[in-house]
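*Asks:* Submitted below is the structure of interest, expressed as structure tokens.
The values are calculated or read from the model by the stated rules, or taken from the named source; none is laboratory data. All figures in this text were calculated on a predicted structure; none of them were measured in a lab. Note: ideal-geometry Cβ built from the backbone for every residue, glycine included; neighbour counts use all protein chains shown. Accessible surface is based on the protein model in full, side chains and every heavy atom, while ligands, DNA and RNA are left aside. Shrake-Rupley method; radii C 1.70, N 1.55, O 1.52, S 1.80 Å.
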Amino acid sequence: MTEPHVVVVAAENDLTADLVMSHLDGRAAVVRLDPGRLRADIEVTGHHTAGHWHTTLRHGGTGVILDENCAVYWRKPTRPDAFAAAEADERWRADENTTALLGLLRSRPLKVWCNDPTTVAASRLKPTQLAAAAAVGLAVPDTLLTCDPAAARAFITNHDDRVVVKALTQRHTTFIPTTHIRLDDDLSGIAGTVHYLQSLIPDRAFDARVTVVDDRVLTAAITTDGELDWRVAPDGACHYEPITAPPRIERACVEHVRALGLTYAALDLIVDHDGRWTYLETNCAGEFGFIQTHTDLPIAQEIAALLIHGPARRAPESDRPAQARM
């Protein structure tokens, strides 16, 4: 049997990538690189001849060939814009290397992408996500994108002052949590910037982080002491517990991720006290290390299995980690 080849694209200090790497060791030929800070001892060579690209990546004594036996785990390499203006040459090198590597990786069919960043760029758009979630039967909150204060006022009125405002992106600013917005707030600042408003889900029992890896679903319940956004809860104030989502929710989440063209994603949902599950968003390159640490859900193991075996060609059950259950 041919040894699987895996390319891991991630920053050198990416602990999440480290976790996946630990489950690839000894099971595949792996080359890890960060095109944003490409080391001189990493070789990238692509040769186009006779109508085809032939590409090899080498690091140390390991080499991988980009073909149908090769899988790619694209995490979060160093972005070219991470370099300061004074580091213009480094920014240019990072952009050249990232563009070249991505082009070579996409130049021919591979065993699996987890995930193609060009697909992620389109899939992370919130209007696309919400429409795709509704298409597979997931409940989606009433949502408004507007830069019109009057439209925002009417939306908040229609929902009895139970509306939240969210950031569509977290770049170029400090972290912006989900925030309750009310009619008596100064809404004039909405003019000039499109704001993302959603109806507030009442009677929340807990948040659910649903991680999809190919056809596998691993779910954690997250409870806090009344925090609207669990991401801003104080250290130690979040309780994480592995649970099993209802089968229809699991099926819908898998279908949703596939419809977005992804093989991995972390979905955020809310579950109320009547057991209703409501979709919020999809994190196309979402972090999972904290979920695995708190719940022992075998997310890194499943990603490694996907990279080794490919999509929908699972290892025997005896070789696969069992999903933790409530």
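*Asks:* Relative contact order for the chain using alpha-carbon pairs under 8 Å, separation at least 6, rounded to a whole percent?
*Replies:* 18 percent
*Asks:* Counting pairs of alpha carbon atoms under 8 Å apart in space and at least six apart in sequence, what relative contact order in percent does segment 175-325 give?
*Replies:* 24 percent
*Asks:* Compute the acute angle (0 to 90°) between the alpha-carbon long axis of helix 88-105 and the principal axis of greatest extent of the alpha-carbon atoms of the chain; round to the nearest 10°.
*Replies:* On a 0 to 90 degree scale, this one is about 80.
*Asks:* Let me ask something additional. Heavy-atom accessible area of Asp81 with all protein chains present, probe 1.4 Å, nearest 10 Å²?
*Replies:* Asp81 has an accessible surface of roughly 80 Å² with all protein chains in place.
*Asks:* Taking a ≥ b ≥ c as the square roots of the Cα gyration tensor eigenvalues, with a/c under 1.5 meaning rounded and otherwise prolate when a/b beats b/c, else oblate, which class fits segment 155-296?
*Replies:* prolate
*Asks:* For segment 1-63, with all protein chains present and a 1.4 Å probe, just round the carbon and sulfur fraction of the accessible area to a whole percent.
*Replies:* Carbon and sulfur together cover 49 percent of it.
*Asks:* Which one of Cys238, Leu187, Gln292 has its Cα pushed farthest toward the positive end of the charge dipole of the chain, where Lys and Arg give +1 and Asp and Glu give -1 at the Cβ?
*Replies:* Comparing the listed Cα positions along the dipole, Gln292 ranks first.
*Asks:* Using the crude model of +1 on Lys and Arg Cβ and -1 on Asp and Glu Cβ, and no other charge, please compute the dipole size for segment 209-285 relative to its Cα centre, in debye to 20.
*Replies:* 320 debye
*Asks:* Would you be so kind as to identify which of Gly63, Thr78, Thr98 lies farthest towards the positive end of the dipole of the chain, taking Lys and Arg as +1 and Asp and Glu as -1 on Cβ and the Cα centre as origin?
*Replies:* Gly63
*Asks:* Taking a 1.4 Å probe, which of Ser107, Ser22 shows the most accessible area, and what order do the others take after it?
*Replies:* Ser22, Ser107
*Asks:* With contacts defined as alpha carbon pairs under 8 Å and 6 or more residues apart, what's the relative contact order of segment 83-219 in percent?
*Replies:* For segment 83-219, the relative contact order is 21 percent.
*Asks:* Kindly report the accessible area of segment 187-286 per residue (heavy atoms of protein chains, probe 1.4 Å, no ligands, DNA or RNA), in Å².
*Replies:* Averaged over the residues of segment 187-286, the accessible area is 39 Å².
*Asks:* Please build a GNM for the chain, connecting alpha carbons under 10 Å apart, and tell me which residue among Gly137, Gly51, Gly275 fluctuates the most.
*Replies:* Gly51
*Asks:* Under a Cβ-only charge scheme (Lys and Arg +1, Asp and Glu -1), can you give me the dipole magnitude of segment 152-200 about the Cα centre, in debye to the nearest 20?
*Replies:* Roughly 240 debye, rounded to the nearest 20.
*Asks:* Size of the dipole of segment 73-213 about the Cα centre, Lys and Arg at +1 and Asp and Glu at -1 on the beta carbon, nothing else charged, in debye to 20?
*Replies:* Here segment 73-213 has a charge dipole of around 700 debye.
*Asks:* What number, rounded to the nearest 500 deg cm²/dmol, is the helix-based mean residue ellipticity at 222 nm of the chain, given -39500 (n - 2.57) per DSSP H run of at least four residues and division by all its residues?
*Replies:* It comes out at -7500 deg cm²/dmol, rounded to the nearest 500.
*Asks:* Also, quick follow-up: Of all accessible surface on segment 209-291 at a 1.4 Å probe, what whole percent is carbon and sulfur?
*Replies:* Answer for segment 209-291 is 47 percent, counting heavy atoms of protein chains only.
*Asks:* How would you classify segment 3-132 from its alpha-carbon gyration tensor, with a ≥ b ≥ c the square roots of the eigenvalues: rounded for a/c under 1.5, else prolate if a/b is greater than b/c, otherwise oblate?
*Replies:* rounded
*Asks:* Here is a follow-up. Once Lys and Arg get +1 and Asp and Glu get -1 on their Cβ, which of Leu145, Thr119, Ala133 lies farthest toward the positive end of the dipole of segment 93-175?
*Replies:* Thr119
*Asks:* Classify segment 1-76: rounded, prolate or oblate, from the alpha-carbon gyration tensor (a ≥ b ≥ c, eigenvalue square roots; a/c under 1.5 rounded; otherwise prolate if a/b is larger than b/c)?
*Replies:* Because a/c hits 1.5 or more and a/b fails to exceed b/c, segment 1-76 counts as oblate.
*Asks:* Suppose accessible area is computed on protein heavy atoms with a 1.4 Å probe; arrange Trp53, Trp113 from highest to lowest.
*Replies:* Trp53, Trp113
*Asks:* Another question, then. Under 19 Å from the Cα of Lys76, which lysines turn up, not counting those fewer than eight places away in the same chain?
*Replies:* Answer for Lys76, where 19 Å is the Cα cut-off: none of the lysines qualify.
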